[in-house]
Amino acid sequence: MILTEYEMPMPTVIRRISILTLLFLGIAGAHAFAQADIWSAPSEEELRKIITGSTLTGEVKAQPPFNFTEYLSADGTSRGKMIECCKPEELVAKGMSYAGEWALDQGSLCFTYEGEEKKICWKLQVKGDRFRMLDQQFGLAGEGTIRSGNPDNL
């Protein structure tokens, strides 16, 4: 004998409603979480507006990892400091200074540093004032914060 919803005992109906509600909330919550974790890949024009005249501060996930802060001036030069991981509080005071040039090349942020011949490029993803650096071969290469101006006087 098959019972309809209206003929089922009340706890069975409540149980089904509870399960359906939890299932719906789980799907809605997962969608909301996915929406909250979206990182945009800005166009080259948008990226130029975001990073020109700003300081990128973060960590490169190399071996060994290191922290960096780097000012990207409007004239295409860059100045920065780096320190081996993981002492960001010592970055400005004790970091090793470096300089170079930056440019956007096919949607990637590229650097050529003094004394280096090889150009280093990353795709940037941006969410608010945060960024991720992606390497085509290895994936996530680093992440950090975009700060307006040159707050570290680089």
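Just a few scattered comments:
- Residue in segment 106-114 that is at pLDDT 85 or above and among the charged types (D, E, K, R) present: yes
- Residue match in segment 65-75 (condition: surrounded by 13 or more Cβ atoms within 10 Å (Cβ to Cβ), within 19 Å of the chain's Cα centre (by Cα), modelled with pLDDT under 90 and on the phi < 0 side of the Ramachandran plot): yes
- Residue selection: residue 50 satisfies the criterion of being assigned to a helix (DSSP H, G or I), at negative phi and hydrophobic (A, V, I, L, M, F, W, C).
- Any hit, segment 73-94, residues being under 16 Å from residue 42 (Cα atoms) and assigned to a strand (DSSP E or B): no
- Any chance residue 30 is at pLDDT 60 or above and either under 23 Å from the mean Cα position of the chain (by Cα) or not in a loop (DSSP other than H, G, I, E, B) (or both): no
- Residue count, segment 113-142 (criterion: surrounded by 12 or more Cβ atoms within 10 Å (Cβ to Cβ) and among the small types (Gly, Ala, Ser)): 2
The values are calculated or read from the model by the stated rules, or taken from the named source; none is laboratory data. Everything numeric here is computed off the predicted structure, so don't read it as measured data. Backbone-built Cβ (ideal geometry, glycine too); neighbour counts: all protein chains shown.
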